[in-house]
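The next block holds one structure in the form of structure tokens; read it before the comments.
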There are 2 protein chains.
Amino acid sequence: MAQLRIPGPTPLPPEVLAIMGKQMINHRGAEFHGMLTAVTNNLKAIFQTKNDMLILTGSGTGGMEAATVNMLSPGDKVLSVSIGVFGDRFASILAAFGTNVVKLSFEMGKAADPEVVRKSLKDNPDIKAVVITQNETSTGVTNDVQALAKVIKEFDKLIIMDGISGLGSINCPVDEWGIDIAIGGSQKGWMAPPGMAFVSVSPKAWEYYAKAKMSRFYWDLGKAKQFLAKEENPWTPAVNIIYALTVSLDMLMKEGLQNVFDRHAKIGKLCRESAKAMGLKTVVTDDKYASNTVTSIYLPTGIDYKAMSKNMRDEFKITITGGQGALDGKIFRIGHLGYVSEQDIKECWQALGVILPKMGYKK
Amino acid sequence: MAQLRIPGPTPLPPEVLAIMGKQMINHRGAEFHGMLTAVTNNLKAIFQTKNDMLILTGSGTGGMEAATVNMLSPGDKVLSVSIGVFGDRFASILAAFGTNVVKLSFEMGKAADPEVVRKSLKDNPDIKAVVITQNETSTGVTNDVQALAKVIKEFDKLIIMDGISGLGSINCPVDEWGIDIAIGGSQKGWMAPPGMAFVSVSPKAWEYYAKAKMSRFYWDLGKAKQFLAKEENPWTPAVNIIYALTVSLDMLMKEGLQNVFDRHAKIGKLCRESAKAMGLKTVVTDDKYASNTVTSIYLPTGIDYKAMSKNMRDEFKITITGGQGALDGKIFRIGHLGYVSEQDIKECWQALGVILPKMGYKK
């Protein structure tokens with residue numbers, strides 16, 4: 001069966017595809033009101049938060065920009081902890097909006113070390129906020145968010161977390177761990193199409209909002225909160241993605257949060273073990289930090305990524321993806337989040353087991 | 001038949017609904033590449049422009065914000081010509097990002113007077129750009145964009161046009177009239193769901209871009225242009241809306257641009273004449289400027305908007321909408337753009353012909 005094995009957009013379940021074809025409704029009418037509220041409540045349940053949950057029309061990167069322009073002022077010192085391309089992207093956003101970025105980068109394939117973060121916070125007492133990544137999509141590494149958050153909380157700093165490729169698939173109890181701003185994206189584990197970002201906002205974050213001086217309009221979280229009180233969005237939302245979420249989040253809730261996390265854990269492990277069984281090396285260096293939503297694997301010597309991915313598509317209708325940034329041309333990546341089963345990953349590795357040897361790879 | 005008669009989101013044709021349920025694809029793969037290029041080319045044809053056409057994931061308001069942050073620097077003097085709520089919104093965006101807004105407001109129901117714009121430009125020689133609205137959705141007024149653009153060009157200023165509720169339905173040849181930035185929104189005459197904005201960018205606008213100092217990241221039009229060169233978007237786009245546009249824009253192209261404009265003109269006239277035939281007064285004061293995509297009509301004395309719209313929904317499954325801003329509670333609005341026929345408008349007025357007298361209205 002054809003498979004989209006990239007870390008987002010992810011395949012959509014048939015039930016979700018079915019509701020995408022529902023006729024348009026008034027985004028300021030009663031039917032939409034009920035849908036937005038149901039989706040918001042389910043998102044809160046899966047984020048494991050009682051904080052405000054705001055749904056913005058835009059890509060995940062828009063959610064990152066929203067966090068930046070609503071929490072900070074130009075010149076604010078921000079610790080930006082990066083373990084890959086998406087951590088780097090957040091640092092670029094912070095810099096684009098004029099914050100004073102203290103960037104802490106960890107080696108590709110490694111998680112952020114809480115002790116190094118602690119030292120950075122000690123060395124820079126004037127830091128206002130810390131930006132972390134839950135799950136780095138470029139390397140397939142999941143940070144120990146609980147440990148990082150604990151350190152950051154010792155210094156009483158605002159925590160902004162890019163949870164785009166992790167939330168909803170990898171356990172991250174936002175309130176218990178004290179994440180002030182957590183950002184999700186509809187096209188990841190949520191089993192919905194791309195085009196909406198989710199941002200949870202803690203009471204402490206609202207205090208930052210009250211003082212933040214960056215220019216903002218479209219991404220204004222205060223305006224989003226005002227409109228949510230009347231079950232609406234400030235601007236015309238992507239109504240069909242809300243349709244999709246009414247179905248997909250119900251599916252996740254019915255499966256049960258722990259079961260969803262367990263399924264991703266099982267599948268992630270299967271993917272990594274399959275790679276190792278074929279003698280391939282993952283980018284993540286310590287399995288303790290291996291991502292359960294995406295696996296990044298070094299290309300064997302002599303195997304060209306473009307040819308390999310083309311063969312996978314042509315022969316098996318399986319779409320994998322390549323490396324980003326410094327890893328471009330050096331790795332391939334398999335996405336396994338959202339609507340995915342063990343069988344899917346088995347088939348993917350069976351296909352790789354045919355393609356790689358054909359291309360000259362010997363274990 | 002159930003009808004969504006609001007000025008966006010608009011009803012979707014069955015062909016568009018059908019493709020919304022297509023399974024997800026890789027937004028960086030060949031199939032998507034072809035789709036994005038086809039959609040971009042069709043949009044250019046309907047905008048009647050050879051300028052760059054950039055498709056952003058976001059609401060129309062996001063397109064307005066994109067125009068602002070890509071063209072201007074804080075402190076820039078901008079003439080913001082408003083004929084209603086959406087003109088006011090653009091002025092608010094300009095102010096939020098620190099420009100020096102010279103606001104020129106015209107009376108509700110009237111179009112912008114080119115001579116008054118000329119005087120403003122004479123009085124303020126340091127103005128850098130002029131922001132106009134093609135079609136004001138709150139009042140149902142279409143500006144004489146050609147005349148306005150002619151005056152603005154005399155002073156060699158950048159022209160930014162909110163064409164969200166007009167482009168694709170009301171003739172506006174972007175290149176011939178010299179509109180540097182024209183903004184559209186997917187949920188309007190384009191017969192696609194909400195969630196994407198279209199921005200055309202002239203060579204002169206790129207000169208402004210090169211000098212503009214506002215902070216930007218998500219909405220960066222330069223980045224969008226770079227990625228479009230490889231048939232992609234910088235951030236994960238709303239893939240399903242691109243699906244919809246592949247079908248809906250083909251439908252518009254097959255109908256023929258002039259036929260699409262003529263259909264809207266005919267339907268707009270029918271809507272206004274139906275209102276007058278019932279003794280109702282439109283907000284637009286001069287039919288020369290009446291909008292062919294939305295009609296705003298004063299509520300008869302004693303008729304409550306909420307009760308009336310509820311009756312229309314309950315009895316006829318027709319959704320109309322109310323007034324915004326100063327017109328809230330004073331008017332009702334009928335949208336007639338995109339997927340709409342004369343028959344739809346006839347049915348809508350037949351329904352109003354039942355509901356209004358039942359509520360005590362006498363002509």
Rg(Cα) / (2.2 N^0.38 Å) computed for chain A, rounded to two decimals | 0.98
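Using a 10 Å cut-off around each Cβ of peptide B:59-72, what is the average number of partner chain Cβ atoms that fall inside? Intermediate results must be reported in sequence, preceding the final value.
Working: counts 11, 2, 6, 9, 1, 3, 6, 1, 0, 3, 3, 0, 0, 0.
Counting other chains' Cβ atoms within 10 Å and averaging over B:59-72 gives 3.
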Looking only at B:287, B:144, B:88, which one moves most when chain B is put into a Gaussian network model with springs between Cα atoms under 10 Å?
-> B:287
Where in the stretch A:204-248 is the amide nitrogen less than 17 Å from a point lying 7 Å along the Cα-to-Cβ axis of residue A:124?
-> none
HN-Hα J couplings of the stretch B:291-304 from phi, Karplus 6.51/-1.76/1.60, θ = phi - 60°, integer Hz, Gly and Pro as x?
-> 6, 8, 10, 8, 10, 9, 10, 5, 5, x, 3, x, 9, 8
May I ask what percent, to the nearest 5, of DSSP beta bridges between residues of the protein assembly as shown are antiparallel?
-> 55 percent
Cα pair count fraction exceeding 20 Å, expressed as % - the stretch B:165-249 = 43 percent
Exposure proxy check on B:272, A:118: fewest-to-most Cβ neighbours within 10 Å is A:118, B:272
Would you mind telling me the antiparallel percentage of the DSSP bridges in chain A, rounded to 5?
-> 55 percent
By how many nm would the segment from residue A:307 to residue A:31 lengthen if fully extended, with 0.36 nm per residue of separation less the alpha-carbon distance?
-> 94.5 nm
Burial ordering of A:236, B:57, fewest other beta-carbon atoms within 10 Å first | A:236, B:57
Output ³J(HN,Hα) for the stretch A:194-208: one whole-Hz value per residue in order, computed from phi by the Karplus curve 6.51 cos²θ - 1.76 cosθ + 1.60 with θ = phi - 60°, and x for Gly and Pro.
-> x, x, 9, 10, 10, 10, 9, 10, 7, x, 4, 5, 5, 5, 5
Could you give the dipole magnitude of the stretch A:14-253 about its Cα centre, charging the beta-carbon of Lys and Arg +1 and that of Asp and Glu -1, in debye to the nearest 20?
-> 440 debye
Could you give the size of the charge dipole of the protein assembly as shown about its Cα centre, using +1 on the Cβ of each K and R and -1 on the Cβ of each D and E, expressed in debye and rounded to the nearest 20?
-> 20 debye
Given a Förster distance of 25 Å, the FRET efficiency implied by the Cβ-Cβ spacing of residue A:347 and residue B:22, rounded to the nearest 0.05, works out to 0.70
Range of Cα positions in the protein assembly as shown per principal axis (Å), largest first = 82, 51, 46
The set of residues whose placed amide H lies less than 5 Å from the amide H of residue B:196, leaving out same-chain residues fewer than 5 positions away, is B:58, B:186, B:187
Dipole-positive endmost among B:111, B:125, B:135 within the stretch B:90-144 (Cβ charges, Cα centre) = B:125
Residue by residue, what Karplus-based ³J(HN,Hα) values in Hz, rounded to whole numbers, does the stretch B:336-342 have, using 6.51, -1.76 and 1.60 with θ = phi - 60° and x for Gly and Pro?
-> 8, 9, x, 7, 8, 10, 4
Provide a whole-number value for the mean count of partner chain Cβ atoms within 10 Å of the Cβ atoms in peptide B:194-207.
-> 2
Rank these for me by crowding, A:172, B:271, A:348, going from fewest to most other beta carbons within 10 Å.
-> A:348, A:172, B:271
Evaluate peptide B:9-16: per residue, the Cβ atoms of other protein chains within 10 Å of its Cβ; return the mean as an integer.
-> 3
Modelled label-to-label distance, residue A:273 and residue A:250, 7 Å Cα→beta-carbon offset: nm?
-> 3.5 nm
Among the lysines, select those whose C-alpha is under 19 Å from the C-alpha of residue A:317, and discard any that sit fewer than 8 residues away in the same chain.
-> A:306, A:346, A:358, B:22
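Taken together, the values in this text are just the output of simple stated rules run on the coordinates, not laboratory data. Just so you know, these numbers come straight off a predicted model, no measurement behind them. Glycine gets a Cβ as well: all are built from the backbone with ideal geometry, and neighbour counts include every protein chain shown.
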